[in-house]
Amino acid sequence: MVNEVWAIVLAGGRGNRYGRLKQLEQLAGARLVDHTVAAARRTCDRVALVLPPGLEWDGPPVDALAAGGDHQSESLRAGLAAVPDDAGILVLADPAHPLAADRIFRDVVAAVRDGADGAVPVVPLLEVVQRVVDGVVVETLPKQDAVLTQSPQAFRADRLRAAHADAPRPVENSGMLAALGHRIVTVPGDPANLHVATEEDLAVVRRLAG
């Protein structure tokens, strides 16, 4: 359906930097990926899940499965291939943000429904930001107009597919589409929607989850 909202849960990482499959870590009685799939199911019409090659899915029901690649852009393309061509809006969700509230999923979708090409949740930068080389501060960066961008993010499906068709290995989806001239808007993020990149991050998220 042209207005159907599909979530693509990008859980295809192989844990090279973390040391093991981060998406399978436990949080409040479930795995990180389980939390993200559950939130996507509550807020989107359909859910596609990208997993590392060879990993069987035994979590909440999903509508499509795909095997990821060596880079998140390859995993996203695998997810795009698993989603019907007539999907209208794509929500990209990352289990590294397991505390993303349902409100954020709904807000980014609503922004795209209202005419944006994409929507991202953001929080302001409140601390001093500096550039450091070899442990030495070399520059203090201006915070004006700077934000931290979170997950999930939503995009018009046709815009995202077209951008990936011409970019072999993009680094960040919203920036890529903005550079192509598409209108990417922001919605309020959540300071509790932390990115789990290290075991220390996971310990903080576990405390927040109670």
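Annotation note: GluC sites (Glu not before Pro) in the stretch 104-187 located in DSSP loop regions with a Cβ neighbour count of at most 12 within 10 Å are Glu127.
Of the chymotrypsin sites (Phe, Trp or Tyr not before Pro) found in the stretch 6-109, those in coil by DSSP whose Cβ has at most 14 other Cβ atoms within 10 Å are Trp57.
Scanning residues 5 or more positions from Leu27 or on other chains, those with amide H under 5 Å from its amide H are Leu32, with H placed 1.01 Å from N in the peptide plane. For the stretch 5-209, the relative contact order is 23 percent, taking Cα pairs closer than 8 Å that sit 6 or more residues apart in sequence and dividing their mean separation by the residue count. Dividing the helix sum by the residues of the chain, where each DSSP H run of 4 or more adds -39500 (n - 2.57), gives a mean residue ellipticity at 222 nm of -9000 deg cm²/dmol. Here the stretch 5-209 has 51 percent of its accessible surface on carbon and sulfur atoms, given a 1.4 Å probe and all protein chains in place. Add +1 for every Lys or Arg and -1 for every Asp or Glu among the other residues with Cβ under 11 Å from the Cβ of Arg106, and state the total. Charge balance in the 11 Å sphere: +1. Only beta bridges with both residues in the chain are counted; by DSSP, about 45 percent of them are antiparallel.
Cα centroid separation, the stretch 24-88 to the stretch 153-210: 15 Å. Applying the criteria of a DSSP loop state and at most 14 other Cβ atoms within 10 Å to the trypsin sites (Lys or Arg not before Pro) of the stretch 32-79 yields no site. Let me know the shape class of the stretch 18-89, please: from the alpha-carbon gyration tensor, a ≥ b ≥ c as square roots of the eigenvalues, rounded when a/c is under 1.5, otherwise prolate if a/b is greater than b/c, or oblate. Oblate, since a/c reaches 1.5 and b/c is not below a/b.
Extending 7 Å from Cα along the Cβ direction at Gln144 and again at Asp86 yields two label points whose distance is 5.0 nm. With each label modelled as a point 7 angstrom along the Cα→C-beta vector, the Glu127-Ala30 pair spans 3.0 nm.
With a cut-off of 15 Å between beta carbons, the residues surrounding Arg131 carry a summed charge of -2, where Lys and Arg count +1 and Asp and Glu -1. Here the chain is assigned +1 on the Cβ of each Lys and Arg and -1 on the Cβ of each Asp and Glu. Its dipole about the Cα centre then comes out at about 140 debye.
The values are calculated or read from the model by the stated rules, or taken from the named source; none is laboratory data. Keep in mind that what you see is a predicted model, and the values were worked out from it rather than measured. Using ideal geometry, Cβ is built from the backbone for each residue, glycine included, and neighbour counts are taken over all protein chains shown. With ligands, DNA and RNA removed, areas are computed over all heavy atoms of the protein, side chains included. Shrake-Rupley method; radii C 1.70, N 1.55, O 1.52, S 1.80 Å.
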